Amino acid sequence: MHQIGVSNIKKNWGSFVALQDVNLDVREGEFLSILGPSGCGKSTLLRIIAGLEEPSGGDIYIAGQKVTQDPVWKRKIGFVFQNFALWPHLTVFRNVSMGLELRKIEKGELHERVMEALRLVQLEALADRLPAQLSGGQQQRVALARAIVLKPEVLLLDEPLSALDKNLRQDMQVELKALQQTLGLTTIFVTHDQEEALSLSDRVVVMNRGVIEQLDTPNAIYNQPVSEYVARFVGEAFFFEGSVEGNGTAKTLRLSDGAAVPIKGNGVQVGQEAVAFVRPEWVGLSRLDMAFEPGMPKGTVERLMFFGQSSDYLVRLGDRQLRVKHRSDGMEFKPGDDVALRCIAQVLPRSGSVS
Ligand code: ATP
């Protein structure tokens with residue numbers, strides 16, 4: 001059984017369509033991220049799952065039960081917002097206990113549950129402090145404790161780490177994932193940070209203007225995106241357009257300048273126009289006199305950036321620039337060098353014109 005079911009969810013504000021027929025199943029214990037640019041509908045979808053927003057159509061299921069008409073408090077959901085939303089005049093303990101007080105939980109059990117939640121986020125020693133006496137990361141942990149103290153079946157997180165600086169954010173990512181695994185919580189995490197989504201998640205949803213563009217594992221999202229939009233949004237991509245040539249499994253894309261790029265991926269036929277892409281770390285550079293395939297695409301090194309273990313080359317190909325991540329293995333190129341590109345490009349199943 002899926003822990004969370006999103007079935008044909010729609011949301012309109014007047015004539016503006018924020019969500020169009022969104023379908024999504026989240027498995028029990030899964031950490032699923034919703035990734036997309038600002039305004040694509042991530043928070044709206046999360047708020048509808050939580051019951052904070054009413055959908056214009058469709059249904060939400062939690063643990064197999066339809067909850068579309070249920071108020072927030074009935075849904076057994078823990079919610080953590082971007083801005084923490086702690087009560088400034090209440091101690092850490094009271095911030096965490098408030099939800100239990102409202103539910104009239106008996107004093108002894110309340111104390112035990114609050115201290116257990118604070119222990120899980122390593123804040124037991126700070127129970128008497130006020131939020132203003134805490135660091136950003138500690139405040140974030142209070143918000144987490146406040147959500148988990150209610151023993152939710154589902155944890156919904158709306159950009160909970162975006163207010164933290166980079167180092168703290170990375171520490172909190174590790175803590176958050178550890179806590180989610182310890183408690184086995186089914187978690188939906190909204191973010192516009194692709195690295196965060198890829199590193200934390202079992203699966204990632206990439207959204208685009210109110211629709212799900214792709215739902216898959218981080219690996220598949222990065223290595224086999226279904227569209228140019230996903231390839232561009234998650235990671236850096238350089239696109240080739242051309243017609244497919246070859247036979248059997250060995251196929252190439254013949255570009256308009258005559259070069260041929262080996263391609264991989266299913267669903268393209270010889271003779272068809274297609275789009276394929278490469279990531280910076282998929283491309284190798286060769287000196288022109290060492291280029292063993294006559295049709296390899298050629299370019300000129302424009303810039304070199306040395307990072308120790310690797311170097312980035314910016315290579316000019318006609319009117320475009322390609323970034324190549326090159327392990328520092330002694331074969332160094334310098335600006336002005338002509339080079340051939342060794343790569344196998346991944347075909348996009350949904351090809352369109354690349355701008
Ligand atoms: P961000 O990363 O910036 O938070 P998001 O992907 O979470 O963006 P949403 O907050 O879900 O985006 O908003 C989706 C769209 O719906 C946006 O274009 C937004 O302007 C619009 N929208 C959100 N709330 C309302 C509202 N109450 N009334 C009208 N339009 C709204």
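Are there GluC sites (Glu not before Pro) in the range 1-109 that DSSP puts in a loop and that have at most 10 other Cβ atoms within 10 Å, and which ones?
On the way: sites: 28, 30, 53, 101, 106, 109; in loops: 28, 30, 53, 106.
The qualifying sites are 106.
Using square roots of five times the C-alpha gyration tensor eigenvalues, list the equivalent-ellipsoid semi-axes of the range 129-191 in whole Å, biggest first.
Working: eigenvalues 73, 42, 21 Å².
Output for the range 129-191: semi-axes of 19, 14, 10 Å.
For the range 121-229, what is Rg from Cα atoms divided by 2.2 N^0.38 Å, rounded to two decimals? Kindly include the intermediate steps, with their values, before the conclusion.
On the way: Rg = 15.7 Å, N = 109, 2.2 N^0.38 = 13.1 Å.
Ratio of Rg to 2.2 N^0.38 Å for the range 121-229: 1.20.
What ranking, highest mean first, results for peptides 218-229, 151-162, 136-147 when packing means the other Cβ atoms within 10 Å averaged over each residue? Intermediate values should be presented prior to the final figure.
Working: 218-229: 18.2, 151-162: 20.2, 136-147: 22.7.
Per-residue Cβ counts within 10 Å, averaged per peptide and sorted highest first, yield 136-147, 151-162, 218-229.
Mind listing which trypsin sites (Lys or Arg not before Pro) in the range 56-135 are in a DSSP loop and have 12 or fewer other Cβ atoms within 10 Å?
Listed in order of number, the matching sites are 103, 104.
How big is the C-alpha Rg of the chain next to the rule-of-thumb value 2.2 N^0.38 Å, as a ratio? All intermediate terms of the calculation are to be shown ahead of the outcome.
Numbers: Rg = 24.9 Å, N = 355, 2.2 N^0.38 = 20.5 Å.
With N residues counted in the chain, Rg over 2.2 N^0.38 Å equals 1.22.
What length, rounded to one decimal in nm, is gained on full extension from residue 53 through to residue 209, with 0.36 nm per residue of separation minus their alpha-carbon distance? Intermediate results must be reported in sequence, preceding the final value.
Details: separation 156, 0.36 × 156 = 56.16 nm, distance 1.81 nm.
So the extension gain works out to 54.4 nm.
Given bins 5 angstrom wide, list per bin the percent of all Cα-Cα distances in the range 209-355, short to long.
Pairs per bin, as whole percents: 2, 9, 19, 21, 19, 15, 10, 4, 1, 0, 0.
In the P(r) worked out for the range 261-307, what percent of Cα pairs fall beyond 12 Å?
76
Taking the Cα atoms of the range 1-125 alone, what are Rg (to one decimal) and Dmax (as a whole number) in Å?
Values for the range 1-125 (Cα only, Rg and Dmax): 17.2, 52 Å.
Cα-based Rg (one decimal) and Dmax (whole number) for the range 1-73, in Å?
Both quantities, over Cα of the range 1-73: 11.9, 37 Å.
Starting from 0.36 nm per residue, how many nanometres of slack lie between residue 254 and residue 133 once their C-alpha separation is accounted for?
37.3 nm
Apply the Karplus parameterisation 6.51 cos²θ - 1.76 cosθ + 1.60, with θ equal to phi minus 60°, to every residue of the range 223-238 and state each ³J(HN,Hα) to the nearest whole Hz, in sequence, with x for glycine and proline.
8, 10, x, 8, 8, 4, 4, 5, 4, 6, 6, 9, x, 9, 9, 10
Report the label-to-label distance for residue 163 and residue 312 in nanometres (one decimal), using points 7 Å from each Cα along the Cα→Cβ vector.
Going from the residue 163 label point to the residue 312 one covers 3.1 nm.
Fewest first, what order do 201, 33 take by the number of other Cβ atoms within 10 Å? Please report the intermediate quantities before stating the final value.
Details: 201 23, 33 27.
Listing 201, 33 from fewest to most nearby Cβ atoms yields 201, 33.
On each of the three principal axes of the Cα atoms of the range 51-158, give max minus min coordinate, whole Å, ordered largest first.
That works out to 45, 30, 22 Å along the principal axes.
Would you mind checking the range 132-163 for residues with the amide N under 19 Å from a putative spin-label position 7 Å along Cα→C-beta of residue 87?
Within reach of a label on residue 87: 132-134, 139-151.
Any read-out appearing in this document is the output of simple, stated calculations on the displayed coordinates, not a laboratory observation. Here the structure is a predicted model, which means the values were calculated and not measured. We place every Cβ from the backbone using ideal geometry, glycine too, and count neighbours over all the protein chains shown.
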